[in-house]
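Report on the following structure.
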Amino acid sequence: MNRLLLRASLVAAMLTLVASSAFAVPLPGLNLAWNNCATQGGVQNLDFTCDDNGFQFVAAGSFVLGADLAGVTGVEIILDLISATPTLPAWWDLGPTACRDALAANPGAPFSNTLCRDWAANSAAGGLASYSSDLGSIDPSNTAAHRRILAGFAVGTAKNLLGLTREYYCVNLIVASNGTIAPDPVCAGCTTPVCIVLNSVNVVPGTNAATIVGSPSLGTSAQITWQGGVSANCSAVPTKNATWGQVKALYR
């Protein structure tokens, strides 16, 4: 009986250890996951059967600062998308005049999160600023397969953010599935593997110098894939970042 109790205690301890490590604050850096923050059960890959026009898929971006930062008034988020095909398929050609107008960004953090908190405490305004191949520079051979996504959010009252001990949620990237099947005008390429990389989060403390978080918390924690994404080269995305001034200009 004692041996069984000991074994049960060891199993319980191991489960506690696994749970605590899975839901711990990550190292300083960036994280991106489908459905929720990575520490809140988000997943790195999303597969879709491409048989419905009514879904909305959400990718959650978050960051961890290396030190406390006071007076934060805004964040700029840069993501890069690259497809497994030499040219971006029509399904990912997004915008009001493109094949599908099916991309948005908002600052609303999932309410159930306990570790990944909204940096702006649900008070930020802003959204998607651009989806284009004009921002950033990449190897010319990858230009046709790439899009850069730029979003920006700001608050009226500055926030004091903690470093190391807090993961801050910063964006919902929302991809709708309209235009996948009839009776919508069909945009081909839903099944094409795609990689999306959270390139950087520019954390802006008012008029002071910004803090750019530009590396993943761990390994590939700043990358997500669509339809496996195994043949989409995540390392091919650019690393040149825009400035907060460019984002503000887009909202004037």
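Each reported figure results from applying straightforward, stated rules to the coordinates on display, with no laboratory input. Everything quoted here is computed from the prediction, not taken from an experiment. Please note: Cβ atoms are built from the backbone with ideal geometry, for glycine as well, and neighbour counts cover all protein chains shown.
List of remarks:
- Highest mean packing first, where packing is the average number of other Cβ atoms within 10 Å per residue, the peptides 67-80, 217-230, 181-194, 42-55 line up as 67-80, 217-230, 181-194, 42-55.
- Applying both filters, DSSP loop and at most 13 other Cβ atoms within 10 Å, to the chymotrypsin sites (Phe, Trp or Tyr not before Pro) of the stretch 72-153 gives F111.
- Convex hull per residue volume in Å³, alpha carbons only, for the stretch 169-233: 131 Å³
- The alpha carbon centroids of the stretch 86-102 and the stretch 162-186 are separated by 15 Å.
- Short-range pairs are left out: with C-alpha atoms under 8 Å and at least six residues apart, the relative contact order of the stretch 93-216 is 27 percent.
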